[in-house]
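Novice: Pasting in a structure now, in structure tokens, and then I'll have a few things to ask.
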Amino acid sequence: MNNRVTVPLYASLLSVALLTASCSSGEPSTGGTEQTSQGQGTGQGQTANGGNTGASGNESGAQGETVIPYQASVLVEGLNAPWEIVSVPDGRMFVTERPGAIRAIEDGKLAPEPLIEFSAPFNEEGEGGLLGLAADPDFEDNGYLYAYHSYLEGDDIANRVLRLKVNDGKAVIDQELLGNIPGGTNHNGGRIKIGPDKLLYITTGERYEPELSQNEDSLGGKILRIGLDGSIPADNPWPNSPVYSMGHRNAQGLAWNPDNGYLYSTEHGQRNHDEINRIVAGENYGWPEVEGDDDDNGAYQAPLAHSGNDTWAPSGVAFVEEGPWAGSLIAANLRGEQLLKVTLSEDGTQVKKMEPIFEDEWGRIRNVSAGEDGKLYVLTNNRDGRGSPRDGDDKLIVLTPES
């Protein structure tokens with residue numbers, strides 16, 4: 001890992017729509033660099049402050065006015081295109097590798113043998129393969145993990161959600177919870193998270209068929225919600241359907257603010273206009289009818305923030321509950337090769353500020369996860385065919401709060 005102490009981060013223009021859950025209006029800001037939107041879908045520009053990316057040893061570099069109060073260290077090296085990391089109560093961490101293996105990390109060391117390796121009909125093409133992973137809230141008692149992966153359904157690629165049973169250091173498939181999710185070589189979504197309501201939330205892509213996102217009968221281009229047994233919650237927005245929200249292109253991040261229950265998501269734009277959204281049950285987020293904060297008379301939910309003409313390629317996102325950045329969203333960026341620190345308003349319905357962190361430090365970043373001890377865990381993604389592998393890639397990097 002490159003332990004640079006002072007590397008400038010150049011300011012990037014970021015377009016931001018600062019909205020409430022439904023539709024709010026405001027006046028342009030007259031002070032500082034932050035500007036509010038003039039109603040839904042008309043976000044003004046915001047400039048992210050530059051600075052440096054130092055976070056090694058006892059030095060915490062400043063990025064403009066932003067200090068990085070974390071020490072960065074490599075916990076594990078040699079991962080193969082990792083996608084998700086979860087922790088369980090016994091201290092182990094499990095990492096998915098896109099070619100089809102779940103790896104265990106115990107006492108800071110990568111176990112030599114996978115927890116499970118998926119076989120046919122498992123499929124890894126393009127951006128597909130083994131993607132999301134979640135641990136059951138009662139894992140200590142039932143040993144359940146939930147995995148999202150691509151597979152072949154005849155001549156077509158689809159995605160499915162499986163429940164796995166872990167016992168004695170190995171995992172087996174226990175049950176398929178949801179299958180026939182539209183899949184392809186690209187745009188598979190893939191993030192799965194268990195919400196505060198102990199239901200399973202799933203992001204799906206539209207496999208380059210944008211019309212799927214506006215089709216209520218399709219599972220493509222949606223955020224889904226199901227029970228941990230695969231059942232459809234009675235209070236889902238559409239009767240007898242796992243669809244929770246629609247109009248998404250390729251969402252890959254989910255995170256909740258536990259104080260108010262708000263759900264946030266990151267989403268890939270077509271060429272740019274990558275988005276950060278606050279997800280509301282039953283709402284339509286506009287793809288492919290609108291991008292970014294395009295105004296369509298309030299017919300669709302506009303994003304809290306988007307990248308304008310820049311490209312983040314956002315994947316995993318974490319809401320930080322403990323430590324120096326508590327209350328912030330941290331989003332992993334692939335093409336942007338950075339973490340994006342998102343400062344929210346006190347009520348969680350607006351973005352106040354966005355700042356790039358660790359830009360060009362580790363290459364493509366697939367995911368960031370917040371630990372209960374205030375640490376942040378970062379997965380690099382340079383061995384996926386789109387990055388430039390560096391020594392030791394791919395890595396699990398831990399950011400430890402400075403005392």
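Novice: State to the nearest 20 debye the size of the charge dipole of the stretch 65-205 about its Cα centre, where the only charges are +1 on K and R beta carbons and -1 on D and E beta carbons.
Specialist: Its charge dipole is roughly 120 debye.
Novice: By how many nm would the segment from Val67 to Ala120 lengthen if fully extended, with 0.36 nm per residue of separation less the alpha-carbon distance?
Specialist: 14.3 nm
Novice: In what sequence, highest mean first, do 154-160, 243-249, 141-147 appear when ranked by Cβ atoms within 10 angstrom?
Specialist: Averaged packing, sorted descending, gives the order 243-249, 141-147, 154-160.
Novice: Which links in Lys222/Lys395; Lys198/Lys222; Lys109/Lys341; Lys109/Lys375 stretch past 22 Å when you go from one Cα to the other?
Specialist: In this structure, Lys222/Lys395; Lys109/Lys341 exceed 22 Å between Cα atoms.
Novice: Whole angstrom only: what separates the Cα centroid of the stretch 266-293 from the Cα centroid of the stretch 69-112?
Specialist: 30
Novice: Could I ask something else about it? What are the semi-axes of the equivalent ellipsoid of the stretch 221-296, taken as the square roots of 5 times the eigenvalues of the Cα gyration tensor, listed largest first and rounded to whole Å?
Specialist: Largest first, the stretch 221-296 gives 23, 15, 11 Å.
Novice: I've got another one for you. Rounded, prolate or oblate for the stretch 282-403? Axes are the square roots of the Cα gyration tensor eigenvalues, ordered a ≥ b ≥ c, and the cut-off for rounded is a/c under 1.5.
Specialist: oblate
Novice: Which FRET efficiency, nearest 0.05, do Asn215 and Val172 yield, Cβ-Cβ r, R0 45 Å?
Specialist: Details: r = 35 Å, r/R0 = 0.77.
Approximately 0.80, to the nearest 0.05.
Novice: Using Cα pairs closer than 8 Å and at least 6 residues apart in sequence, work out the relative contact order for the stretch 192-238, in percent. Kindly include the intermediate steps, with their values, before the conclusion.
Specialist: On the way: 61 pairs, mean separation 15.5, N = 47.
Taking the mean separation of contacting Cα pairs over the length of the stretch 192-238, I get 33 percent.
Novice: Here is a further query. Report in % the part of the accessible area of the stretch 244-403 that belongs to carbon and sulfur, leaving out ligands and nucleic acids; probe 1.4 Å.
Specialist: Values: 1820 of 5420 Å².
Exposed carbon and sulfur together represent 34 percent of the surface.
Novice: Relative to the compact-globule scaling 2.2 N^0.38 Å, provide the ratio for the alpha-carbon radius of gyration of the stretch 145-284.
Specialist: 1.02
Novice: Could you work out the relative contact order of the stretch 120-250? I mean the mean sequence separation of Cα pairs under 8 Å and 6+ apart, divided by the number of residues, in percent.
Specialist: 18
The values are calculated or read from the model by the stated rules, or taken from the named source; none is laboratory data. Keep in mind that this is a model prediction, so the values were computed, not measured. Methodologically, a virtual Cβ is constructed for each residue, glycine included, from the backbone with ideal geometry; neighbour enumeration extends over all protein chains shown. For the accessible areas, the whole protein counts, side chains as well, though only heavy atoms, and no ligand, DNA or RNA atoms are used. Shrake-Rupley method; radii C 1.70, N 1.55, O 1.52, S 1.80 Å.
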